[in-house]
1. Which of the residues spanning segment 9-29 are open to solvent by 40 Å² or more (accessible area, probe 1.4 Å) and either closer than 16 Å to Ala81 by Cα or in a helix (DSSP H, G or I) (or both)?
2. State whether the residues of segment 150-158 include one that is surrounded by 15 or more Cβ atoms within 10 Å (Cβ to Cβ), under 17 Å from the mean Cα position of the chain (by Cα), farther than 30 Å from Leu217 by Cα and aromatic (Phe, Trp, Tyr).
3. Tally up the residues in segment 58-76 that are within 15 Å of Leu87 (Cα to Cα), open to solvent by 20 Å² or more (accessible area, probe 1.4 Å) and not charged (D, E, K, R), please.
4. Give the residues of segment 45-57 that are touching a residue at least 12 places away in the same chain (Cβ under 8 Å), open to solvent by 50 Å² or more (accessible area, probe 1.4 Å) and assigned to a helix (DSSP H, G or I), sorted by residue number.
5. Whether any residue in segment 67-87 is more than 30 Å from Glu9 (Cα to Cα), assigned to a loop (DSSP other than H, G, I, E, B) and either among the acidic types (Asp, Glu) or in contact (Cβ under 8 Å) with a residue 12 or more places away in the chain (or both) is what I want to check.
6. Condition test on Leu109, is it surrounded by 13 or more Cβ atoms within 10 Å (Cβ to Cβ), outside any helix (DSSP H, G or I) and touching a helix residue (DSSP H, G or I) at 6+ places or on another chain (Cβ under 9 Å)?
7. Testing Glu127 on (1) touching a Pro at 6+ places or on another chain (Cβ under 9 Å); (2) closer than 18 Å to Pro63 by Cβ; (3) open to solvent by 40 Å² or more (accessible area, probe 1.4 Å), one condition comes back false. Which one is that?
8. If only one of Leu116, Leu98 is open to solvent by 40 Å² or more (accessible area, probe 1.4 Å), in a helix (DSSP H, G or I) and aliphatic (A, V, I, L, M), which one is it?
Amino acid sequence: AEKIAAMREYAVTRVSVNPQSMQEKTLERIGRHHSPADIVQMVHEIRAVMNVHINMDVILGLPGETAEDVARTMAAVTALAPDDITLHALALKRGSNLRLKMETEHVDLPSDSETLRMSEIAVRVVEEAGYRPYYLYRQGYMSGDLENVGYARAGAESIYNIQIMEERQTIIGIGGAATTKVLGVRSGRLHSVFHAKDLVTYLRDIDIYIEKRRALLRAEYEEDMP
């Protein structure tokens, strides 16, 4: 409730409520700390107090899932009528916690053919619900050799998503493990400041990170800053 109140106070216009999957067992398996019911409740609570665009992300190819699981997830997601749905394909990085967990619990990833079935089902559901694709991007190690594709209702497309893929967008990172990226108005180049992932280090050096971020912004936008 406090976060929603803060977003409303500062006139936030777009919120991501990302389930990844609406299958309880999958969320437990991949270490997510929310339930499908939490997602439904959050969307309803946001809608009740804010007129805001809501984006939802789904990941295809999650360990232990089937195309039928994805069909159930997509039905639950589209029932919430978000403005924007992004279909991600799992990109499982070497050394990630999820990969290590899969090895210890002996849970396999869906085959590439099953992941393609997932994609076909997800695309059919979103298109039948009136969403249309407007941006895509690829990552390494993606299941099924797929792309991440963003779908939106007409008029709800996120220019930010397009800009971020082209690395033409300034982002202010706040908190541990956050990254600030500033697009140089003079150079046209992207400059970055990274915060520590380790909480103890971040808290110890927080003033340093704030000053680095401020200096980077001032260097590019000094005429507009106090």
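The values are calculated or read from the model by the stated rules, or taken from the named source; none is laboratory data. Computed from a predicted model, the values in this text were never measured in an experiment. Quick reminder, even Gly has a Cβ in these numbers, built from the backbone with ideal geometry, and neighbours come from all protein chains shown. Each accessible area value is taken on the protein alone, full model and side chains, heavy atoms only, with ligands, DNA and RNA left out. Shrake-Rupley method; radii C 1.70, N 1.55, O 1.52, S 1.80 Å.
1. Filtering segment 9-29 down to residues open to solvent by 40 Å² or more (accessible area, probe 1.4 Å) leaves 9-14, 16, 18, 24-25, 28-29.
Within segment 9-29, Glu9, Arg14, Ser16, Asn18, Glu24, Lys25, Glu28, Arg29 qualify.
2. Step one: list which residues in segment 150-158 are surrounded by 15 or more Cβ atoms within 10 Å (Cβ to Cβ), which gives 150-153, 156-158.
With the extra rule that they be under 17 Å from the mean Cα position of the chain (by Cα), the set shrinks to 150-152, 156-158.
Narrowing further to those that are farther than 30 Å from Leu217 by Cα: 151-152.
Filter once more, so that each one left must be aromatic (Phe, Trp, Tyr): 151.
Checked against the condition, which is being surrounded by 15 or more Cβ atoms within 10 Å (Cβ to Cβ), under 17 Å from the mean Cα position of the chain (by Cα), farther than 30 Å from Leu217 by Cα and aromatic (Phe, Trp, Tyr), segment 150-158 yields at least one hit.
3. 4
4. Narrowing segment 45-57 to residues touching a residue at least 12 places away in the same chain (Cβ under 8 Å): 45-46, 49-50, 52-57.
Still in the running and open to solvent by 50 Å² or more (accessible area, probe 1.4 Å): 45, 49, 53.
Hits for segment 45-57 are Glu45, Val49.
5. Within segment 67-87 (the criterion being more than 30 Å from Glu9 (Cα to Cα), assigned to a loop (DSSP other than H, G, I, E, B) and either among the acidic types (Asp, Glu) or in contact (Cβ under 8 Å) with a residue 12 or more places away in the chain (or both)), the answer is no, since none of the residues qualifies.
6. Here the answer is yes, as Leu109 does meet what is asked.
7. Exception for Glu127: condition (2).
8. After applying the criteria, what remains is Leu116.
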